[in-house]
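No value in this document is a laboratory result; all are computed from the given coordinates. Note that this is a predicted model, so its numbers are computed, not measured. Please note: Cβ atoms are built from the backbone with ideal geometry, for glycine as well, and neighbour counts cover all protein chains shown.
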Amino acid sequence: MSTSNAEGPSPAEQSAGTPTPEHSAPLYQRYEVLILAAVVLLGGLMWAFGGPKPPKTACEGPLTVNWGHGCYAMEGTANANHHWCSASGELSITNPTPAPLRADFVMGLYTGYPDTTPVSIILPAGTVREFRVSSEGVSVKVSDVIPPGVSQMKITTTAKRAVAPGDPRELYMRVVNFHILSDGVPIY
């Protein structure tokens, strides 16, 4: 038989599994405190290391492309367009980042005749790629590195001039839906 002890439970009561006042909180409340401590610790670590980072973008600034000598203004819409070019067209590409940018140049190439003729692309890093192109067109995806600053890309062909009555421009080839990707993300 046990008697009440003013100083707390007897050692026999403690060993019998009767909860003591300092351990009377349910088990789930004790785990809540541990979880809260872990969240605070994790938050402190994230703050110490700069917090969560936004998704990395391929190009931090606006990549610009200027269709220069031998290329004519864009015709069509933003999603379905083309540029006519003479036998040699130049594009000026500006990479505003301080580092070289790995990029995929994607476009369709067309000439004005059903016979295939070579079209060469000289990429910003100097790599030359050649394609056999006709009026049926060819889809092109070439990879290169765009150095920081301004670089040039050149597209040339030996195709005959396309017949376009009433159009005084020298139309040799069309560059269709030209765009640039970096890590699969459109940057132009």
Subject >> Over segment 82-188, volume per residue of the alpha carbon convex hull, in Å³ >> reply: 92 Å³
**OP:** Counting other beta carbons within 10 Å of each Cβ, put V128, V145 in order, fewest first.
**Re:** V128, V145
**OP:** Provide the gained length on full extension for the span N66 to Q152, in nm with one decimal, where the gain is 0.36 nm per separating residue minus the Cα-Cα distance.
**Re:** 30.0 nm
Subject >> Rounded to the nearest 20 debye, dipole of segment 64-186 from Cβ charges on Lys, Arg, Asp, Glu >> reply: 120 debye
Original post:
If each residue's Cβ is checked for other Cβ atoms within 10 Å, how do V185, V140 rank with the fewest at the top?
Top reply: V185, V140
**OP:** Would you give the gap between the C-alpha center of segment 59-138 and the C-alpha center of segment 149-188, rounded to a whole Å?
**Re:** 4 Å
**OP:** Would you mind ranking K141, K160, K154 by Cβ crowding within 10 Å, fewest neighbours first?
**Re:** K141, K160, K154
